[in-house]
Amino acid sequence: MAKIKVKFMNRTTSFSFGALLIYSGIGVLFLLIFWQFAYLMIGKSLDDEDLIAHGDDKFTRTAVNSAERGDITDREGNILASDMESYRVALIIDDDYPNYVYNVDATASVLNEVLDIDEDEVKEQVEKGREDERFQVELGREGRDISYNEKQALEEAQQDADSEVSGLYFVSETKRFYPNGNFASHLVGYAEQDEDSGELSGQMGLERAYDEVLTGAAGATGYTQDVWGYIVPNTQSQVKAPEDGADIQLTIDSNIQLYLEDSLDTMEEHFEPEELFAVVADAETGEILGSGQRPSFNPRTREGFGNSWLNMLYQYSFEPGSTFKVFSLAAAIDAGEYDPNAYFESGSYDVGGHTIYDWEPEGWGTITYNEGMQYSSNALMMILQDRVGDEKMLEYYKDFGFGASTESEFPGEVSGVIAWDEELQRKTTSFGQTSTVTPIQMIQGMTAILNDGQMKKPYVIESITDPNTDETLYEGGETVVREVISPEAAQKTQEEINTFVGGSMDRNPQYQLDDYEVAGKSGTAQVIDPDGGGYMDGPYEFLTSFIGYAPKEDPEVIIYYGIKLATKNKADTWDYGVMHGFNPLMERTLKYLEVGGEGGESKAEVIPVDDYRNMALDDESLPQQETIRRLVIGEGTEVEDHYPMNGTLLPFDTFFIKTDGEATMPDLRGLSKREAIIFGDFTGVTVNIEGEGYVEDQSVEAGAPLEEGSEIGITLEPKDPND
């Protein structure tokens, strides 16, 4: 290879020409690389691709910040449905991972102790998972919805080096919490996690109807991660704040709803009916104060879920029977066709070749119109309809809201049907057969009679509020639908209804209360035979109901109560109607609302409860009323804890007190099912309940030591309604 000689400072240096070419090439390469870097730094793109955006895509991440679903509360703000954090436990079984299940027996044992999961089932899941070479296994339903306390107990066991418990992995989840269990369940409804999105989704009731309102908008937080996936410090920034869902406040009063649920439990146990319903409303405003039904379900446990999908208040239409006669009566009075002292021949009435009889086929002879109403004569109702005229009577029924939706806040409301095509249908409609209604329509119609002819629209939503801005998105309130009858006619109708309970004929005396005068109309309706058509004709195969109000001279509360097809103690539905559900519900409601009784003075006593901790058990500051039952847990003399605290007690409520010293088992007999559940929550004891009604027996005798975390069994039995 040729060489080049260069003389420099009296020295001669030789360079190979090939080496010069190599050095020159390297220099050019570095120049190109420098140029490329300079170009990228200035232009920030390559082949028309934005390199900054590419870097952001590779190392920038966005975490979703879930929004909270709105709360559903009662009229006082007490939670009926709310979000709650729960946990799911999984077992890591891959032995390449540091914290894996290496002692299956120890891990299965602690899971059994804390979560009551069968040990053999845990071992089987672990063995199967290892055979399938899985990283982790889950434990099904028993491993979900774990409380914070249960999670903490499992974590403490895992942290104990001597326990050899390992491999427990917890995943945080949001679940919908229904603190009251079976409590206006078909009205409130329920929500559960969507398997695809992982978000809570309303499945039934108001939870479903107002799903979009209750569901908030998720937010997001951005951050940068390095090549190993770790978050780069000081790179987190909130891209978008989450917006929580709107809160819905109902007109439901939790105390009244509690009374209602207790009454339904008693009726259900005694009669074992196909269906039961009850609704309590404010007579003046149309507010729904309580609503319930059977079958029902517990949204916390899903017990009873699927037995009935209908919200009976809005979606259940049926032939009401004689309770409907109050509207035929009001129409006749308003039309000037009713004279309480006029006479008619009772017993039967001929309609187009058909003879329709009173419930007493022989009748009661020639009696006055008022006596006929007290006896609930079908013949009289058909006479009145003839006097008013078919066309005009139909207008009255429509004005009372029958055959049309009440336009409630609940979607899917059914309208019922006014059967009016044939003369026989028109006549039988006058006494509540053939045509169909809903409970909410009956409540709405009754408000017209009790408010000088002004019909009030029933409503169950008090307000909808945006918690992010405190803006009221919707506000319910008293609304007059229309004037159905004149004030004079409404007053006269009410005067007639006031004679239907304990009037001159002494009818329906079972609905009389000691402290209040009740008025209303009973009904015994035939039920359509779902198999053979026509009406069922077996013994006592009826829908029995009562729509009543009190006090009768100044009505404040309306209750509509119904039972369909009792399968046990059937004759009692004829002899006593629904008094064993209606009466205690009406009386407790009136006393709770501090409504004055016959003497004009309030019988109610709402007892304030303060914080009595560290006080002596015999301190006079504690509630002393005879109507309050004290349930003391412990043998000490000082109050350590109590329930309720900073709240109120009502007559016949139970005041739970925990004292210092050794905790001992109290006598639970007589507690309602709901109170038994409260006892378990208050003491930290697991209460296993059998039956319905009130505590009759308990597995741990009174006075025995009571340890937190232990279990007791109790047996409930209904109180005999005839007692």
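The values are calculated or read from the model by the stated rules, or taken from the named source; none is laboratory data. What you see is a predicted model, and the numbers here were worked out from it, not measured in a lab. We place every Cβ from the backbone using ideal geometry, glycine too, and count neighbours over all the protein chains shown.
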Sole residue being of a type in the set (V, I, T) and assigned to a strand (DSSP E or B), chosen from V700, V695: V695
Among the residues listed as E407, E495, the single one being outside any loop (DSSP other than H, G, I, E, B), in the same structural domain as A283 (by TED's automatic domain parsing) and either in contact with a Gly (Cβ under 7 Å, 6 or more places away or on another chain) or not β-branched (V, I, T) (or both): E495
Filter pass, T266 being in a loop (DSSP other than H, G, I, E, B) and β-branched (V, I, T): no
Complete set of residues in the stretch 301-345 that are β-branched (V, I, T) and assigned to a loop (DSSP other than H, G, I, E, B): T301
Leading residue by the ranking (nearest to the chain's Cα centre (by Cα)) among those in the stretch 65-80 that are of a type in the set (S, T, N, Q) and assigned to a loop (DSSP other than H, G, I, E, B): N78
Residues being in a loop (DSSP other than H, G, I, E, B) and more than 22 Å from the chain's Cα centre (by Cα) - total across the stretch 465-492: 8
Sole residue being surrounded by fewer than 23 Cβ atoms within 10 Å (Cβ to Cβ) and at pLDDT 95 or above, chosen from L565, L593: L565
Test result for R630, basic (K, R) and either in contact (Cβ under 8 Å) with a residue 60 or more places away in the chain or part of a helix (DSSP H, G or I) (or both): no
Whichever residue in the stretch 223-255 is of a type in the set (S, T, N, Q) and surrounded by 15 or more Cβ atoms within 10 Å (Cβ to Cβ) and, among such residues, is modelled with the lowest pLDDT: T224
First in the stretch 562-577 and in contact (Cβ under 8 Å) with a residue 60 or more places away in the chain, second anywhere and in a helix (DSSP H, G or I) and of a type in the set (S, T, N, Q), Cβ under 8 Å, 6 or more apart: I563/T573; A566/T573; Y576/Q510; G577/Q510
Matching residues, the stretch 139-149, being in contact (Cβ under 8 Å) with a residue 40 or more places away in the chain and surrounded by 15 or more Cβ atoms within 10 Å (Cβ to Cβ): L139, G143, R144, D145, I146
Residues that are within 26 Å of Q491 (Cα to Cα), in contact with a Lys or Arg (Cβ under 8 Å, 6 or more places away or on another chain) and assigned to a loop (DSSP other than H, G, I, E, B), drawn from the stretch 419-464: S430, F431, G432
Residue selected from the stretch 85-100 under the condition touching a residue at least 40 places away in the same chain (Cβ under 8 Å) and surrounded by fewer than 16 Cβ atoms within 10 Å (Cβ to Cβ), by the criterion farthest from Q125 (Cα to Cα): E85
